Each structure stands twice: as structure tokens, then as C-alpha cells.
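Below is one structure, written out as C-alpha cells; comments come after it.
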Amino acid sequence: MGLVVVWGWICALVGMFGSLPQVARLLRAGTSSGVSLLMWQLLLGAGIGWTAHGINVGHPNIIVPNVMGAVFAACVLVMLQRDRRLPTVKVWPWGLVVGVIMIGVELVAPPGWFGVLAVVPAAVGMIGQTRDLIRAPDITGLSGGYIIIAVVIQVMWLSWGAAVGDLSTQICSTAIGLIGVVNLALWLTRIKNAEPVVAIVPEDAVV
């Protein structure tokens, strides 16, 4: 087994569990504040589309993490739907439609076009998270670990895509990685500027 193949599977393993910190954060925090619904809708669609791409080009290390990514995205959407009491029609159609469109492009378009298209839902979703990082008054439900891993994963996939000559992977990982860096910077700024919680002690309390 060559080093490139091994590296591809390392990328797959990291990508497979990349969403786990966000799932854990939602379970632990009990709130979805600061988490972008749009991003996870489009991540579901992207997971479906990239699974089809992996099948078409014969790379199991693309198939496996994207199947898991779609599963984790669906789990996050379920938790967002419950926490925000959203109707099903406002949660699920976007991701499923995007997934079907991406499959269609993978099957009929020339090589490289899938990568160009795949940038769109992933970029729009990440920009949706950028918007929430800027505008949301509370980001308690957002996992910093997920934001960091999201950037690391894109760097890893970029190096693998360059090694095997997968143009779609190179295009998408570069664009999404850059947006991920912006989100990481915004998250670090929000955390740094967050007001510390100060306990109020009554004047007559015994210390």
C-alpha cells in the first residue's frame, strides 16, 4: 500500500469524525445557539454528492467519510429541529435537493465540473456559519473543536487531491479551507471578547 493511499485513508478517518465535536457540543450544551442551520443542511447535500463522486471515481476513502458526514449532518439537523421547534419542511428539503443535483452533475458533466459545483453548497453553508458568527448574540452551541478540525481536514484533503490529481477535491478543499480560516478567526475573536461570568456575592455573605 503506497503512502498516498495511506494518507488518503488518514484523511478519510479524520473527515469521518470531523463533525463529532459539534454533535457532542449540542448534546452537552443543550442549546443550538450560534449553529448555522443552513450550513448543516448544505453539508448533508454535500455529503450525498461527494459519496456519489467517490463511487464514480473509485476512491473508497472519499465514499466512507462522506457517508458518515451525511449521517452526522442529519444528526445535527435533527437536534436543531428539536431545539428550535422547526417544521420538517424548513429543515430537510434543501440538503436533499442539493445532493440530487450534485449526483446529476457528477454523472453527466466533464471532469472538474463536479468540483466547481461542490464548492457552491459547501461555500454557501460555511458563509452561513460566518454570518451567524458575526450576528448571533450567543454562540454557546457552537463547537470550537469542530471549527478547528474543519480547517485541518480541508488542508489534508488538498494535499491528497494534489497527490492523486483529483481536480474536484483540490478546487473544493481550497475554497472551503479559506472560508474555514475566516470562521476560525471569527470564533477566536468571539471567544476572546466574551464577557467573563462573575459571581455576585451578597454584601452580608460570610466569606
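The values are calculated or read from the model by the stated rules, or taken from the named source; none is laboratory data. All figures in this text were calculated on a predicted structure; none of them were measured in a lab. For neighbour counting, all protein chains shown are included, and Cβ atoms are generated from backbone atoms with ideal geometry for every residue, glycine included. SASA here: full protein model, heavy atoms, side chains in, ligands and nucleic acids out. Shrake-Rupley method; radii C 1.70, N 1.55, O 1.52, S 1.80 Å.
Numbers for the structure displayed
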item: Residue match in the range 99-110 (condition: of a type in the set (Asp, Glu) and closer than 26 Å to ALA12 by Cβ); result: yes
item: Selected residue [open to solvent by 30 Å² or more (accessible area, probe 1.4 Å) and touching a residue at least 40 places away in the same chain (Cβ under 8 Å)] from VAL57, VAL71; result: VAL57
item: Qualifying residue in the range 59-69 (condition: within 25 Å of ASP138 (Cβ to Cβ) and either of a type in the set (Gly, Ala, Ser) or assigned to a loop (DSSP other than H, G, I, E, B) (or both)); result: no
item: ALA73, sole failed condition from (1) outside any helix (DSSP H, G or I); (2) under 15 Å from the mean Cα position of the chain (by Cα); result: (1)
item: Failed condition for VAL35, given (1) over 20 Å from ASP166 (Cβ atoms); (2) in contact (Cβ under 8 Å) with a residue 60 or more places away in the chain; (3) among the β-branched types (Val, Ile, Thr); (4) open to solvent by 10 Å² or more (accessible area, probe 1.4 Å); result: (4)
item: Any pair with Cβ under 7 angstrom, 6 or more apart, that starts in the range 77-102 at a residue that is closer than 14 Å to LEU43 by Cβ and in contact (Cβ under 8 Å) with a residue 40 or more places away in the chain and ends at one that is in a helix (DSSP H, G or I) and open to solvent by 40 Å² or more (accessible area, probe 1.4 Å); result: GLY99/ILE48; MET102/ILE48; MET102/LEU117
